[in-house]
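*Asks:* A single structure is presented below for examination.
The values are calculated or read from the model by the stated rules, or taken from the named source; none is laboratory data. Quantities reported herein were computed from a predicted structural model and do not represent experimental measurements. Every residue, glycine as well, gets a Cβ built from its backbone with ideal geometry; the counts of neighbours run over all protein chains shown. Note: areas computed on protein heavy atoms with side chains; ligands, DNA, RNA excluded. Shrake-Rupley method; radii C 1.70, N 1.55, O 1.52, S 1.80 Å.
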Amino acid sequence: MSTAAEDLLATWNACGYYRLVGMTVVRADRDGSEFRITIADEHLQAYGTGHGGVIAGLIDAAMGLAVLGRIPSGEGCATIEMKLNFTGPARPGPLTATGHVLHAGRRIVTAAAEARGADGDLVSVGQGTFQRFPMTTES
């Protein structure tokens, strides 16, 4: 793994939101991203499966880091549109999401991601549009 990819992993694994919900970035590089989360009691909705908001956050993060792994290190990205399909329940236990870039333009990047349970069953798929922007060091 390159130093840039290692730095990206360290930065995002320290992210407050990721720590709050228990997401871990496994990989984020030019080829895409991989996230893991264990669906636990605090992630469940009334039916006993993972809440859609948790799954949406996981899919969004997988797409976003796939984009960041593809664009220059001096740039950031922001989700400007996202579509999600829930295809099955996120049962308690491990859930893995993978993301990849579909098209990278000069200003706009399109990405996709999917989440699968421990049994390999598809839980959700998503596609999103991200805007690239230069990172600034100003406070």
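*Asks:* Just the residues that are among the hydrophobic types (A, V, I, L, M, F, W, C) and in contact with a helix residue (DSSP H, G or I) (Cβ under 9 Å, 6 or more places away or on another chain), please, taken from the stretch 79-113.
*Replies:* Answer for the stretch 79-113, where residues must be among the hydrophobic types (A, V, I, L, M, F, W, C) and in contact with a helix residue (DSSP H, G or I) (Cβ under 9 Å, 6 or more places away or on another chain): Met82, Leu84, Phe86, Ala90, Leu95, Ala97, Val101, Ala104, Val109, Ala111, Ala112, Ala113.
Residue by residue, here is whether (1) within 19 Å of Ile108 (Cβ to Cβ); (2) polar (S, T, N, Q); (3) modelled with pLDDT of 95 or more holds:
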{"position": "Gly50", "(1), (2), (3)": "no, no, yes"}
{"position": "Ile55", "(1), (2), (3)": "no, no, yes"}
{"position": "Ala62", "(1), (2), (3)": "yes, no, yes"}
{"position": "Val67", "(1), (2), (3)": "yes, no, yes"}
{"position": "Gly74", "(1), (2), (3)": "yes, no, no"}
{"position": "Ile80", "(1), (2), (3)": "yes, no, yes"}
{"position": "Lys83", "(1), (2), (3)": "yes, no, yes"}
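*Asks:* Pairs needed: first member in the stretch 107-127, open to solvent by 80 Å² or more (accessible area, probe 1.4 Å); second member anywhere, not in a strand (DSSP E or B); C-beta distance under 7 Å; at least 6 residues apart or different chains.
*Replies:* Within 7 Å, the pairs are Asp121/Gly88.
*Asks:* May I pose another question? Identify, from the list Thr49, Thr79, the residue that is within 13 Å of the chain's Cα centre (by Cα) and open to solvent by 20 Å² or more (accessible area, probe 1.4 Å).
*Replies:* Thr79
*Asks:* Could I ask something else about it? Determine whether the stretch 110-124 contains at least one residue that is in contact with an Asp or Glu (Cβ under 6 Å, 6 or more places away or on another chain), closer than 15 Å to Ala61 by Cα and assigned to a strand (DSSP E or B).
*Replies:* no
*Asks:* Mind listing just one residue for me: the one in the stretch 1-48 that is modelled with pLDDT of 90 or more and among the hydroxyl-bearing types (Ser, Thr, Tyr) and, of those, farthest from Pro72 (Cα to Cα)?
*Replies:* This residue is Tyr47.
*Asks:* Shifting gears a bit: The conditions are (1) in contact (Cβ under 8 Å) with a residue 40 or more places away in the chain; (2) farther than 22 Å from Val125 by Cα, and Leu9 fails exactly one of them. Which is it?
*Replies:* Every listed condition holds for Leu9 apart from (1).
*Asks:* Still on this structure: Do we find that Phe86 is aromatic (Phe, Trp, Tyr) and surrounded by 21 or more Cβ atoms within 10 Å (Cβ to Cβ) in this structure?
*Replies:* So Phe86 fails the test.
*Asks:* Please go through the stretch 128-139 and pick out each residue that is surrounded by fewer than 14 Cβ atoms within 10 Å (Cβ to Cβ), in a strand (DSSP E or B) and touching a residue at least 60 places away in the same chain (Cβ under 8 Å).
*Replies:* Result: Pro134, single match.
*Asks:* Restricting to the stretch 2-31, what's the tally of residues that are hydrophobic (A, V, I, L, M, F, W, C) and exposed (fewer than 11 other Cβ atoms within 10 Å of the Cβ)?
*Replies:* So the answer is 3.
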